[in-house]
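Note sheet for the following structure.
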Amino acid sequence: QCQLSGLWRNDQDSLMEISVLKDNGDFQGQYLTRVTLSGGCAQISPLWGAQQQLGEGGWPTFAFIVRWDKFSNATTAFVGQCFVDTGGKETLTTMWLLREPVGSLEEDWKATR
């Protein structure tokens, strides 16, 4: 069974720490990104999410959001699944959408990556 709580590193060398995982699957933590929209140094931002509760032996799916409040007005939503290989290594696979604010409805097309 995969355990989401703990420290995770992605292929861009950013860190995610899930420090609170509740019995109902809700979790919170922080995200230290090395990739910033502003090109500045690494920043810590809060995250909140939920893990789907499965029966025995399942690989849980999860979703979380990160509010980049210290250096950007953007918000990112991540969805993914946790896997454990035959050697016991846990891996999270995710997809993300980043939303930046725009000044008008006509600019909406360029607001989401």
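Does any residue in segment 74-93 that is among the aromatic types (Phe, Trp, Tyr) come within less than 6 Å, Cβ to Cβ, of a residue that is open to solvent by 70 Å² or more (accessible area, probe 1.4 Å) six or more places away or on a different chain, and which pairs are these?
Pairs found: Phe78/Trp96; Phe83/Trp59.
Please identify the pairs in which a residue from segment 1-24 that is in contact (Cβ under 8 Å) with a residue 60 or more places away in the chain has its Cβ atom under 8 Å from the Cβ atom of a residue that is open to solvent by 100 Å² or more (accessible area, probe 1.4 Å) and among the small types (Gly, Ala, Ser), counting only partners at least 6 apart or on another chain.
Matching pairs, first to second residue: none at all.
The values are calculated or read from the model by the stated rules, or taken from the named source; none is laboratory data. Since this is a predicted model, take the numbers as computed values, not measurements. With ideal geometry, Cβ positions are generated from the backbone for all residues, glycine too; neighbour counts draw on all protein chains shown. All accessible areas refer to the heavy atoms of the entire protein, side chains included, with ligands and DNA or RNA removed. Shrake-Rupley method; radii C 1.70, N 1.55, O 1.52, S 1.80 Å.
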